[in-house]
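Notes follow once the structure below has been shown.
Bear in mind that the values in this text are calculations on the coordinates, not laboratory data. Only a predicted model underlies this, so the values are computations on that prediction, with no experimental measurement involved. Every residue, glycine among them, receives a Cβ derived from its backbone with ideal geometry; neighbour counts consider all protein chains shown.
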Amino acid sequence: MRALVIEHDEYGPAESVGDHFQVRGYDLEVFRVLDDPDDPVCTTPFPDPTGYDAVIVTGAVWSLADTAPIASWIHREVEMVRAAHDSDTPVLGMCFGGQVLSVALGGSVTRSDEPELGWHTVESPERGPLPSGPWFQWHYDSFTVPEGAIELAHGRMGPQAFQIGRSVGTQFHPEMTPRLFRGWLTFGSDELTAHGIDPQALLAETVERAKAARSRADRLVDWFLEDVAAG
């Protein structure tokens with residue numbers, strides 16, 4: 001089985017989610033949109049998603065609420081995700097990837113009144129498929145749940161996850177690990193500090209939560225593969 005990973009730059013791997021896909025027997029084929037995130041221009045054609053058993057769309061520092069800086073590729077990515085969904089190829093979109101999925105299926109993305117940065121509580125129905133609890137967030141936007149989709153989780157700033165057919169979008173980062181967060185600190189420390197967050201304290205919290213976070217991520221992937229992707 002093969003999963004296509006849309007990775008927007010070197011800082012946005014599928015990380016723990018990709019690891020668990022591999023545990024479940026999937027080979028990951030990565031398409032990296034940008035070699036240099038400081039030059040967010042891409043003219044390379046996106047892969048045809050219909051030849052894969054699943055598509056994973058990862059996070060990014062950009063926003064679907066402001067597509068001008070990424071106009072060379074974002075609309076093509078949205079079309080690719082729509083084509084995957086329409087062909088019944090399972091799609092898992094995480095944070096920016098969840099925004100891409102929302103827009104691809106008729107939803108929208110707007111700037112939130114305030115950002116969510118760090119570990120935040122996400123509420124799921126008691127018998128819902130996603131475990132409630134803290135999930136890692138780093139976003140300034142909110143997506144809407146597309147028409148015909150089921151909202152799976154909610155947070156104080158709006159929807160946090162939805163399912164439509166064989167596709168799932170999350171606003172949070174289920175893939176977060178200490179290793180991934182350390183990479184983000186290379187460019188995001190000043191951003192956190194500007195919002196009154198101590199980067200090293202957040203790193204320590206991420207290390208402390210790593211085992212439980214990995215367990216929740218594994219449960220999400222298991223549910224996605226067993227109940228959603230399986231149809």
Site ASP66, offset 7 angstrom along Cα→Cβ, radius 20 Å on amide nitrogen, limited to the stretch 4-20, gives 8-9
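Can you give the relative contact order of the chain as a percent, counting alpha carbon pairs under 8 Å and 6+ residues apart? Display every interim value, and only then the final one.
Numbers: 447 pairs, mean separation 43.0, N = 231.
Relative contact order of the chain: 19 percent.
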Check: C-alpha center the stretch 44-97 vs C-alpha center the stretch 98-114, spacing in Å is 13
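How high is the relative contact order of the stretch 146-231, in percent, with contacts defined as C-alpha pairs under 8 Å that are six or more residues apart? Provide the component values of the computation, followed by the final result.
Numbers: 67 pairs, mean separation 23.0, N = 86.
In percent, rounded to a whole number, it is 27.
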Placing +1 on each Lys and Arg Cβ and -1 on each Asp and Glu Cβ in the chain, then taking the dipole about the Cα centre, the residue among ALA68, ALA153, TYR11 whose Cα reaches farthest towards the positive end is ALA153
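Looking only at trypsin sites (Lys or Arg not before Pro) in DSSP loops with at most 12 other Cβ atoms within 10 Å, what is the longest site-free stretch of the chain? Before the final figure, lay out each step's value.
Values: sites that count: ARG127, ARG156.
No qualifying site falls inside 1-126, the longest such stretch.
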Full extension between GLU79 and ASP39 adds, at 0.36 nm per residue less the Cα distance, a length in nm of 12.2 nm
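Please give the calculated 222 nm ellipticity per residue for the chain, where each DSSP H segment of at least 4 residues contributes -39500 (n - 2.57) and the sum is spread over every residue; nearest 500 deg cm²/dmol? Don't skip to the end; give the middle numbers.
Values: 5 runs with 73 residues, N = 231.
Value at 222 nm, helices only: -10500 deg cm²/dmol.
Within the chain, what's the longest stretch lacking GluC sites (Glu not before Pro) that sit in DSSP loops with no more than 12 other Cβ atoms inside 10 Å? Write down the numbers at each step before the final one.
Details: sites that count: GLU10, GLU126, GLU147.
It works out to 11-125.
Between ALA204 and GLN22, what length comes free when the chain is fully extended (0.36 nm per residue of separation minus the Cα-Cα distance, one decimal in nm)? Can you show the working numbers first?
On the way: separation 182, 0.36 × 182 = 65.52 nm, distance 2.74 nm.
Extra length from ALA204 to GLN22 when fully extended: 62.8 nm.
Relative contact order of the stretch 112-192, please, whole-number percent, based on alpha carbon pairs below 8 angstrom and at least 6 residues apart. Each step should come with its number before you reach the end.
Working: 120 pairs, mean separation 19.8, N = 81.
Answer for the stretch 112-192 is 24 percent.
Please work out the FRET efficiency for the pair ILE150 and ARG179, using the Cβ-Cβ distance as r and a Förster radius of 41 Å; give the result to the nearest 0.05.
FRET efficiency, ILE150 to ARG179: 0.80.
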